[in-house]
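What follows is a set of notes on a single structure, which appears directly below.
The values are calculated or read from the model by the stated rules, or taken from the named source; none is laboratory data. Every value quoted in this text rests on a predicted model; they were computed, and no experiment measured them. Don't worry about glycine lacking a Cβ; one is built from the backbone with ideal geometry, like all the others, and counts go over all protein chains shown. These area figures cover heavy atoms from the full protein model, side chains too; ligands, DNA and RNA do not enter into them. Shrake-Rupley method; radii C 1.70, N 1.55, O 1.52, S 1.80 Å.
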Amino acid sequence: MSPALTPQPANAPILADLIQDEARRFVAEHPRSCAMSRQSADVWRGGAPMHWMTDWASPCPIFAAQGVGAQVTDVDGKLYDDFCLADTPAMFGHGQEAVARAIADQAKRGTGFMLPTASAVIVGRLLAERFGLPLWQMATTASDANRAAIRWARAVTQRPVIVVFDGCYHGMVDDAFVVLDDGRPVMKPGLLGQVHDLTATTRVVPFNDPEALAQALAPGDVAAVLAEPAMTNCGMILPQPGFLSVMRDLTRQAGTLLVVDETHTISTAPGGYARAHGLEPDMLVVGKAIAGGVPAAVWGVTAELSERMDAAAARIGPGQSGVGTTLSGNALAIAAMRAMLSEVMTDAAYAKMLAGAGRLVEGLRGVIAARGLAWSVVHVGARVELVFAASPPKNAAAMRETLDPDLLHALHLWLINRGVLIAPFHTMMLVSPVTEDAAIDRLVEAVDGFAGALEGLGT
């Protein structure tokens, strides 16, 4: 609970009461979603096609009917301002006409052939121009792309270990499910079905700690450092001034490859965070939004690394590489990516996103100042995060101390009931180029209303 809240008498309402009231309101206003949820439980384990869909704060999942621009309508006819945007795949808005047209056209001519199409040449050129790396490969998800990057890094360097940052998230990459528990590396709590000790080949260090990173690299056995340039899944943790350049220097000195995962930080600028800040990774991964929500990801490499990959492949010899899946690089995904890169992910679109994010940051900070809250706001480009701490944490250990599950649950449910969707797993708010100023103002007003409700609660 925020330190700014004043203790109330013993019989005063508490946060649990607010959550209960908001839950009742949701159930009353969403009869069709609740009914569909019960029906879905008969055929989908856990009640939804993917169990993350049940991780929202609402008593049952919201069943979507359609998304247009930066708004979603549910099966009960309720309209939401969408700042989740499918947790990034719809970062440029739902129902993009250029993408819909490209998908429909390609679907009529075949969705995949296990062969490249003419559009693949154009997409490759667009990727090289935008991100600055000359050579690319496709995957079906960023998880697949990260796995490919790790596998190639180990093959090229002939080293077994990778380094990740505490609190990171890189999709379903087993190697990244290692965290620090009181300074000790352990496998991430809740990890299912893992029979290997991941800490044997993964080292984990705090973000923004160059000394810890240098120590992890010192043995000379690290193939790659896998990193987001700003951490976005354990709250949002921004790099301290100079940290990323030190990370790049340290990896080069150690003969370790730097793999930058821009799946979320693509919100920074048209060429991503790394290009905007001159980070110069050896490998770059982008997923989710790159094909407008059609499952696809890409990973690019430098020319020098590509030559080392060829040498590694020749050294290992023929056989199955273990990298890639049948659907990787399919024609449908290529068509969607071409539309996104050439018609949707434009400089003008980014300008609108960044302006909207600036408006949101200013509005939220205004609420915090006016109500005297010990909260803060951080952002990476169009991605904004509300933090329940007066100063933004610099690493995951400090961020975890700010995460109050009940407070997060209450905020999410409060916003849902007021027609606002944000990412269900934390407080990420994503602004698209089609997000209207009025929607941003409604989100700020809803957060202000929640803060006002908290002022009347006991602690």
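General remarks:
- The range 45-98: number of residues that are touching a Lys or Arg at 6+ places or on another chain (Cβ under 7 Å) and among the β-branched types (Val, Ile, Thr): 2
- In this structure, residue 177 does satisfy being surrounded by 17 or more Cβ atoms within 10 Å (Cβ to Cβ), of a type in the set (A, V, I, L, M, F, W, C) and under 17 Å from the mean Cα position of the chain (by Cα).
- If the condition is being among the small types (Gly, Ala, Ser) and open to solvent by 60 Å² or more (accessible area, probe 1.4 Å), then the range 44-68 contributes 46, 64, 65.
- Criterion: open to solvent by 20 Å² or more (accessible area, probe 1.4 Å), touching a Phe, Trp or Tyr at 6+ places or on another chain (Cβ under 7 Å) and among the polar types (S, T, N, Q) - qualifying residue of 96, 20, 71, 39: 71
- Test: residue in the range 366-376 that is part of a strand (DSSP E or B) and in contact with a Cys (Cβ under 6 Å, 6 or more places away or on another chain): no
- For the range 163-174, filtered to residues that are assigned to a loop (DSSP other than H, G, I, E, B) and not aliphatic (A, V, I, L, M), the residue that is most open to solvent (accessible area, probe 1.4 Å) is 169.
- Extreme residue, nearest to residue 139 (Cα to Cα), among residues of the range 310-339 that are charged (D, E, K, R) and in contact with a helix residue (DSSP H, G or I) (Cβ under 9 Å, 6 or more places away or on another chain): 338
- Within the range 345-367, the only residue that satisfies the criterion of being without any contact (Cβ under 8 Å) to a residue 60 or more places away in the chain and open to solvent by less than 20 Å² (accessible area, probe 1.4 Å) is 361.
- The listed residue being closer than 22 Å to residue 395 by Cα, in contact with a Gly (Cβ under 9 Å, 6 or more places away or on another chain) and not basic (Lys, Arg), out of 205, 179, 186: 179
- Sub-9 Å Cβ pairs linking a first residue in the range 154-172 that is in contact (Cβ under 8 Å) with a residue 60 or more places away in the chain and over 12 Å from residue 257 (Cα atoms) to a second residue that is part of a strand (DSSP E or B) and basic (Lys, Arg), at least 6 apart or interchain, are 164/203, ordered by first then second residue.
- Any hit, the range 255-267, residues being free of Cβ contacts under 8 Å to residues at least 40 places away in the same chain and either open to solvent by 60 Å² or more (accessible area, probe 1.4 Å) or of a type in the set (Phe, Trp, Tyr) (or both): no
- Pairs where the first residue, in the range 78-91, is open to solvent by 10 Å² or more (accessible area, probe 1.4 Å) and the second is hydroxyl-bearing (Ser, Thr, Tyr), C-beta under 6 Å, 6+ apart: 79/73
- From the options 453, 398, residue that is open to solvent by 20 Å² or more (accessible area, probe 1.4 Å), within 28 Å of residue 182 (Cβ to Cβ) and assigned to a helix (DSSP H, G or I): 398
- Of all residues in the range 281-292, those that are more than 13 Å from residue 263 (Cβ to Cβ) have Cβ atoms under 6 Å from Cβ atoms of residues that are in a loop (DSSP other than H, G, I, E, B) and modelled with pLDDT of 95 or more, 6 or more apart or on another chain, in 282/302; 292/96.
- Residue pairs whose Cβ atoms lie under 8 Å apart, separated by 6 or more positions or on different chains, with the first residue in the range 400-426 and over 15 Å from residue 19 (Cα atoms) and in contact (Cβ under 8 Å) with a residue 40 or more places away in the chain and the second open to solvent by 20 Å² or more (accessible area, probe 1.4 Å) and among the polar types (S, T, N, Q), are 425/233; 426/233.
- Looking across 212, 200, 230, one residue alone is among the small types (Gly, Ala, Ser), open to solvent by less than 30 Å² (accessible area, probe 1.4 Å), at pLDDT 95 or above and over 16 Å from residue 250 (Cβ atoms). It is 230.
- Extreme residue, nearest to residue 353 (Cα to Cα), among residues of the range 401-450 that are open to solvent by 50 Å² or more (accessible area, probe 1.4 Å) and outside any helix (DSSP H, G or I): 434
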